[in-house]
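The structure appears right after this line, and notes come after that.
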Amino acid sequence: MRKKIVAGNWKMNLQLNEAKQLLQEIKVLEKNVSDVKLIINPPALYISLFRELLENSVIALGAQNCSEHVSGAYTGEIAAQMIKSCGATYVIVGHSERRTYYHETNAIIAEKINRALASDLSPIFCCGELLSEREENNHFNVVEQQLKEGLFHLNENEIKNVVIAYEPVWAIGTGVTATAEQAQEMHAFIRKVLKEFYNEAVAQNCSILYGGSCNASNAKELFANPDIDGGLIGGASLKAADFLVIAQSF
Ligand code: 13P
């Protein structure tokens, strides 16, 4: 059966002391959560230290991005192998902020997915439409294309290691959450596409997370839906108490 997952994407927030403090607070609260995989995606600089601080914890670590290259002269980039060697087991790939601000195409994202899997990292593959695309009723096509071009080159064995996050761009950091109906509709669509392209088992076993202004007040309503397996949380993951409430919202 697929996993329930709550993942915090800390984005480019918190200096080291603040980050350690938040991690400590989350560690204290984690014992109140059962049956849910917790993943923290801090800035990559902190992963190695966090791995040590999380000794005896079941909280997993992920990076927010990785390079599409294996290694070499790519100043400023971070390779999937490096992320793995610092103790992370997940990496977010294809976040809309990467697509928008760093011009990541579906083709680049497909390469990043390959690098992640080759380094034994589970990718958290992000997809989602712009507001204009939804208004034109084109959101299903956009998401399907992102899946097909960024992810569906994987074989059945490989895709089993991938978590999908549906993050409508208009909901990210805006305070405007997709309604539970809108989110469930898209999650069911993603699962249908997985079934058509792969098979029923792949579709049923894939965790599909919702992201975009998911918070302590709306997580329960979202997670109550059959195809919503948890959340990829931005702003609300920066407050330990809120992150905990979200993790308890199943
Ligand atoms: P917010 O929860 O701040 O809207 O961010 C969502 C997100 O982008 C998670 O990756």
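The values are calculated or read from the model by the stated rules, or taken from the named source; none is laboratory data. From a predicted model like this one, the values you see are computed outputs, not experimental measurements. Virtual Cβ from ideal backbone geometry, glycine too; neighbours counted across all protein chains shown. We work out accessible area using only protein heavy atoms, side chains counted, and drop any ligands, DNA or RNA first. Shrake-Rupley method; radii C 1.70, N 1.55, O 1.52, S 1.80 Å.
Sort out which residues of segment 1-29 are over 19 Å from the mean Cα position of the chain (by Cα) and not aliphatic (A, V, I, L, M), and write them in order of number.
If the condition is that a residue be over 19 Å from the mean Cα position of the chain (by Cα) and not aliphatic (A, V, I, L, M), then Gln15, Asn17, Glu18, Lys20, Gln21, Gln24, Glu25, Lys27 are the ones that fit.
Among the residues of segment 207-244, count how many are of a type outside the set (S, T, N, Q), within 12 Å of the ligand (Cβ to nearest atom), open to solvent by less than 30 Å² (accessible area, probe 1.4 Å) and touching a Gly at 6+ places or on another chain (Cβ under 8 Å).
Of the residues in that region, 12 qualify.
Let me confirm something: among Val193, Val169, which residue is away from the ligand (no atom under 16 Å from the Cβ), in contact with a helix residue (DSSP H, G or I) (Cβ under 7 Å, 6 or more places away or on another chain) and modelled with pLDDT of 95 or more?
On the way: Val169 fails: away from the ligand (no atom under 16 Å from the Cβ).
Step by step, each of Val193, Val169 is checked, and only Val193 is away from the ligand (no atom under 16 Å from the Cβ), in contact with a helix residue (DSSP H, G or I) (Cβ under 7 Å, 6 or more places away or on another chain) and modelled with pLDDT of 95 or more.
Here is a check on your reading of the model: is Ala203 farther than 20 Å from Ile39 by Cβ, touching a residue at least 12 places away in the same chain (Cβ under 8 Å) and under 18 Å from the mean Cα position of the chain (by Cα)? Spell out the reasoning first.
Numbers: farther than 20 Å from Ile39 by Cβ: yes; touching a residue at least 12 places away in the same chain (Cβ under 8 Å): yes; under 18 Å from the mean Cα position of the chain (by Cα): yes.
Spelling it out, Ala203 is indeed farther than 20 Å from Ile39 by Cβ, touching a residue at least 12 places away in the same chain (Cβ under 8 Å) and under 18 Å from the mean Cα position of the chain (by Cα).
Could you please give the count of residues in segment 99-125 that are under 12 Å from Thr89 (Cβ atoms) and among the aromatic types (Phe, Trp, Tyr)?
Qualifying residue count for the region: 0.
If you go through segment 67-103 one residue at a time, how many are among the hydrophobic types (A, V, I, L, M, F, W, C), within 13 Å of the chain's Cα centre (by Cα) and farther than 24 Å from Ser213 by Cβ?
Looking only at segment 67-103, we keep the residues that are among the hydrophobic types (A, V, I, L, M, F, W, C), and these are 70, 73, 78-80, 82-83, 86, 88, 91-93.
From what's left, within 13 Å of the chain's Cα centre (by Cα): 91-93.
Adding the requirement that they be farther than 24 Å from Ser213 by Cβ leaves none.
Counting residues in segment 67-103 that are among the hydrophobic types (A, V, I, L, M, F, W, C), within 13 Å of the chain's Cα centre (by Cα) and farther than 24 Å from Ser213 by Cβ gives 0.
Report those helices (runs of 4 or more DSSP H) wholly inside segment 17-134 carrying at least 3 residues which are open to solvent by 50 Å² or more (accessible area, probe 1.4 Å), over 25 Å from Val169 (Cα atoms) and away from the ligand (no atom under 16 Å from the Cβ). Steps first, please.
Details: elements: 47-53, 80-85, 96-101, 106-118.
Qualifying helices (runs of 4 or more DSSP H): 47-53, 80-85.
With respect to Lys160, is the statement that it is open to solvent by 10 Å² or more (accessible area, probe 1.4 Å), at negative phi and free of Cβ contacts under 8 Å to residues at least 40 places away in the same chain true? Don't jump to the end; show me each part of the working.
On the way: open to solvent by 10 Å² or more (accessible area, probe 1.4 Å): yes; at negative phi: yes; free of Cβ contacts under 8 Å to residues at least 40 places away in the same chain: no.
No.
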